[in-house]
Amino acid sequence: MNKLAYKRFLDSLRYSLYVIGHPVDGCWDLIHAKRGSYAAANLIVILTLLAHVWKLRFTSFLFISVNWEHVNVFMEMATILLPLAVFVICNWSVTTLFDGKGHLGDVYMGTAYALTPYPLIQIPITILSNFVTREEGTFFWTFNNISLIWCAVLIIMAMMMIHAYSFGKTLLFLVFTAFGMLVFLFIMLLFFSLISQGIGYFISLGREVFYRLN
């Protein structure tokens with residue numbers, strides 16, 4: 001069973017290379033033909049986080065200036081994980097109301113697989129950045145932008161295949177998803193603000209009672 005599970009994991013991970021080259025068929029089969037797996041999706045997300053930290057740490061100072069002593073690795077990871085989690089939740093919430101076919105897990109898996117180009121491109125160009133001059137840095141920024149655009153295109157195609165939407169409808173609901181993300185973040189900020197104010201009130205009240213009793 002362990003060998004079968006391991007082979008299944010490797011096959012689903014290897015399938016990510018097919019997805020990035022054949023986004024339409026790849027994203028459809030990823031969900032509907034069960035070619036993907038959550039284990040592979042989780043590994044791709046982890047590799048994306050590591051590639052982001054790797055980029056900050058090892059990119060030549062000619063292209064990225066980072067004071068590593070002031071960098072919080074966990075906060076840097078949160079800049080990817082938090083938008084990813086909010087996107088998945090909001091996209092699933094919005095599309096569920098309008099006949100979207102995908103489940104929450106499907107949206108997560110499709111989005112995770114769509115991130116595959118990021119570590120595949122960022123890790124090599126980070127190494128390359130230490131062997132080129134500033135004048136040759138065009139290659140660095142070109143491939144950096146390609147990795148981001150490629151991921152964005154794959155996310156669009158993944159959402160279109162997962163929810164069985166047309167291209168136009170997919171773009172429309174991605175706009176709704178972005179709006180939903182803003183609303184979600186606003187509500188969360190408001191919630192934590194109220195919580196912090198409530199805690200502050202009870203702390204002040206406790207101090208007042210303590211001083212009066214003493």
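The values are calculated or read from the model by the stated rules, or taken from the named source; none is laboratory data. As the structure is a computational prediction, the values presented were derived from the model and not from experiment. Don't worry about glycine lacking a Cβ; one is built from the backbone with ideal geometry, like all the others, and counts go over all protein chains shown. Heads up: the accessible areas ignore ligands, DNA and RNA and are worked out on the full protein's heavy atoms, side chains in. Shrake-Rupley method; radii C 1.70, N 1.55, O 1.52, S 1.80 Å.
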(Q) So the check is Cβ under 8 Å with 6+ separation or different chains; which pairs have a first residue in region 25-47 that's closer than 13 Å to F9 by Cβ and a second one that's open to solvent by 70 Å² or more (accessible area, probe 1.4 Å) and charged (D, E, K, R)? (A) S37/R8
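Please specify each residue of region 85-99 satisfying the condition of being open to solvent by 20 Å² or more (accessible area, probe 1.4 Å) and not acidic (D, E). Please lay out each step first, then the result.
Of region 85-99, the ones open to solvent by 20 Å² or more (accessible area, probe 1.4 Å) are 85, 87, 89, 92-94, 96-99.
Answer for region 85-99, where residues must be open to solvent by 20 Å² or more (accessible area, probe 1.4 Å) and not acidic (D, E): A85, F87, I89, W92, S93, V94, T96, L97, F98.
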Q.
All but one of (1) without any contact (Cβ under 8 Å) to a residue 60 or more places away in the chain; (2) within 21 Å of the chain's Cα centre (by Cα) hold for M181; state the number of the condition that does not hold.
A. (1)
Q.
Yes or no: region 177-194 includes at least one residue that is touching a Cys at 6+ places or on another chain (Cβ under 6 Å), open to solvent by less than 60 Å² (accessible area, probe 1.4 Å), within 20 Å of H32 (Cα to Cα) and at pLDDT 90 or above.
A. no
Q) Residues L62, L56: which one is in contact with a Lys or Arg (Cβ under 7 Å, 6 or more places away or on another chain) and among the aliphatic types (A, V, I, L, M)? A) L62
Q: Go through region 104-130 and give me each residue that's surrounded by fewer than 22 Cβ atoms within 10 Å (Cβ to Cβ), β-branched (V, I, T) and either in contact (Cβ under 8 Å) with a residue 24 or more places away in the chain or not in a helix (DSSP H, G or I) (or both).
A: I121, I123, T126, I127
Q) Only one of (1) in a helix (DSSP H, G or I); (2) closer than 30 Å to H22 by Cα; (3) over 19 Å from the mean Cα position of the chain (by Cα) fails for I199. Which number is that? A) (2)
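If you check L172 against the conditions, is it farther than 21 Å from H32 by Cβ, out of contact with any Pro (no Cβ under 7 Å at 6 or more places or on another chain) and either modelled with pLDDT of 80 or more or not hydrophobic (A, V, I, L, M, F, W, C) (or both)? Talk me through it step by step, then tell me what you get.
On the way: farther than 21 Å from H32 by Cβ: yes; out of contact with any Pro (no Cβ under 7 Å at 6 or more places or on another chain): yes; either modelled with pLDDT of 80 or more or not hydrophobic (A, V, I, L, M, F, W, C) (or both): yes.
Against the criterion (farther than 21 Å from H32 by Cβ, out of contact with any Pro (no Cβ under 7 Å at 6 or more places or on another chain) and either modelled with pLDDT of 80 or more or not hydrophobic (A, V, I, L, M, F, W, C) (or both)), L172 qualifies.
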Q: Please identify the pairs in which a residue from region 55-80 that is within 17 Å of Y118 (Cβ to Cβ) has its Cβ atom under 7 Å from the Cβ atom of a residue that is assigned to a helix (DSSP H, G or I) and among the acidic types (D, E), counting only partners at least 6 apart or on another chain.
A: L56/E76
Q) Looking at (1) modelled with pLDDT of 85 or more; (2) over 26 Å from G110 (Cα atoms); (3) not small (G, A, S), which is the one condition that is false for W68? A) (1)
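For region 70-93, state whether one or more residues are of a type in the set (D, E, K, R) and more than 25 Å from V53 (Cα to Cα).
In the first step, residues of region 70-93 are kept if they are of a type in the set (D, E, K, R); the result is 76.
Next cut, more than 25 Å from V53 (Cα to Cα) only: none.
Checking region 70-93: not a single residue is of a type in the set (D, E, K, R) and more than 25 Å from V53 (Cα to Cα).
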Q) Pick from region 131-150 the residues that are without any contact (Cβ under 8 Å) to a residue 24 or more places away in the chain and open to solvent by 70 Å² or more (accessible area, probe 1.4 Å): which of them is nearest to the chain's Cα centre (by Cα)? A) I149
Q: Can you tell me which residue among S12, S37, S16, S65 is among the small types (G, A, S), open to solvent by 70 Å² or more (accessible area, probe 1.4 Å) and on the phi < 0 side of the Ramachandran plot?
A: S65
Q: For I80, indicate whether it is farther than 22 Å from I121 by Cα, among the β-branched types (V, I, T), at pLDDT 85 or above and surrounded by 13 or more Cβ atoms within 10 Å (Cβ to Cβ).
A: no
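When you scan region 157-167, how many residues do you find that are open to solvent by less than 50 Å² (accessible area, probe 1.4 Å) and modelled with pLDDT under 90? Spell out how you get there, then give the answer.
Step one: of region 157-167, the residues open to solvent by less than 50 Å² (accessible area, probe 1.4 Å) are 157-163, 165.
Filter once more, so that each one left must be modelled with pLDDT under 90: 165.
Residues in region 157-167 being open to solvent by less than 50 Å² (accessible area, probe 1.4 Å) and modelled with pLDDT under 90: 1 in total.
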Q. Which one of F186, F191, F173 is closer than 30 Å to I31 by Cβ, assigned to a helix (DSSP H, G or I) and aromatic (F, W, Y)?
A. F173
